[in-house]
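Okay, structure first, notes after.
The values are calculated or read from the model by the stated rules, or taken from the named source; none is laboratory data. Computed from a predicted model, the values in this text were never measured in an experiment. Here the Cβ is made from the backbone with ideal geometry for all residues, glycine too, and neighbour counts use every protein chain on show. For the accessible areas, the whole protein counts, side chains as well, though only heavy atoms, and no ligand, DNA or RNA atoms are used. Shrake-Rupley method; radii C 1.70, N 1.55, O 1.52, S 1.80 Å.
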Amino acid sequence: MKIQLSASKINQTAPYKVYFCSDTSFDFKSDNGSEFQIGFTEDCMISESGVYQFYIQNKTKTPSLRDIKLKKTIIAVIEHFFEDKNRVAVYICDSMDGRQQARSRLFHMWFNSYSGKEKYTLKTESINFDGISYYSALLICKDNEDYETYLSLFQDFMHQLAEKYQ
């Protein structure tokens, strides 16, 4: 199921101006010059519909430590995505540079400080494969019509992966 998100809607609350890249992705630039792409792609590994993989790509690889505007921009995009409460977001922390655990901790820190967190469940998992830990999470509205089903599908999928790679 294809979705469309609106840059103008996101820009109503995002401190960094986001620019339309595709129906489900946006580019923006931080105050320190870091360039980001943020978006969602359909993910059919967990369910045939309703699940989207969420990603944030730092295109310039420039650190944006403690950038509160970055956090607020990401939250604005996620809130717009969840205007349809029956959508589900999953993410896998990039492990290419060995900083996946730090990315997972940062996302958890942002989520735990988010004022609207009571509307959502953040279910996290990690898998160890060949000495590398991979961190993943499912973010779902608590009033999603298929809440229990999606939690179970995510849990089953992660369990299958863990069995496959151990």
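Descriptive notes on the structure:
- When residue 41 is tested against (1) under 24 Å from residue 157 (Cα atoms); (2) open to solvent by 50 Å² or more (accessible area, probe 1.4 Å); (3) touching a residue at least 24 places away in the same chain (Cβ under 8 Å); (4) among the β-branched types (Val, Ile, Thr), exactly one condition is not met: (3).
- Of the criteria (1) more than 14 Å from residue 134 (Cβ to Cβ); (2) of a type outside the set (S, T, N, Q); (3) loosely packed, with under 13 Cβ neighbours inside 10 Å, which one residue 70 fails: (3)
- Which listed residue, of 98, 33, 50, is at positive phi and in contact with a Phe, Trp or Tyr (Cβ under 9 Å, 6 or more places away or on another chain): 50
- The residues listed here are 2, 9; of these, the one that is open to solvent by 10 Å² or more (accessible area, probe 1.4 Å), basic (Lys, Arg) and in contact (Cβ under 8 Å) with a residue 60 or more places away in the chain is 9.
- For segment 140-156, taking the residues that are within 19 Å of the chain's Cα centre (by Cα) and within 17 Å of residue 118 (Cα to Cα), the one that is most open to solvent (accessible area, probe 1.4 Å) is identified as 142.
- Selection status of residue 124, open to solvent by 40 Å² or more (accessible area, probe 1.4 Å), in contact with a helix residue (DSSP H, G or I) (Cβ under 8 Å, 6 or more places away or on another chain) and either touching a residue at least 12 places away in the same chain (Cβ under 8 Å) or among the basic types (Lys, Arg) (or both): yes
- Flag for residue 136 being among the hydroxyl-bearing types (Ser, Thr, Tyr) and either modelled with pLDDT of 85 or more or open to solvent by 80 Å² or more (accessible area, probe 1.4 Å) (or both): yes
Rundown of residues vs (1) outside any helix (DSSP H, G or I); (2) surrounded by 14 or more Cβ atoms within 10 Å (Cβ to Cβ), yes/no style:
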position	(1), (2)
54	yes, yes
63	yes, no
75	no, yes
78	no, yes
85	yes, yes
90	yes, yes
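- Test result for residue 124, over 22 Å from residue 24 (Cα atoms), out of contact with any Asp or Glu (no Cβ under 7 Å at 6 or more places or on another chain) and part of a helix (DSSP H, G or I): no
- Taking each residue of segment 145-166 that is within 16 Å of residue 53 (Cα to Cα) and looking for partners that are open to solvent by 60 Å² or more (accessible area, probe 1.4 Å) and modelled with pLDDT of 90 or more with beta-carbon atoms closer than 8 Å, six or more apart or interchain, yields 151/123; 154/123; 155/123.
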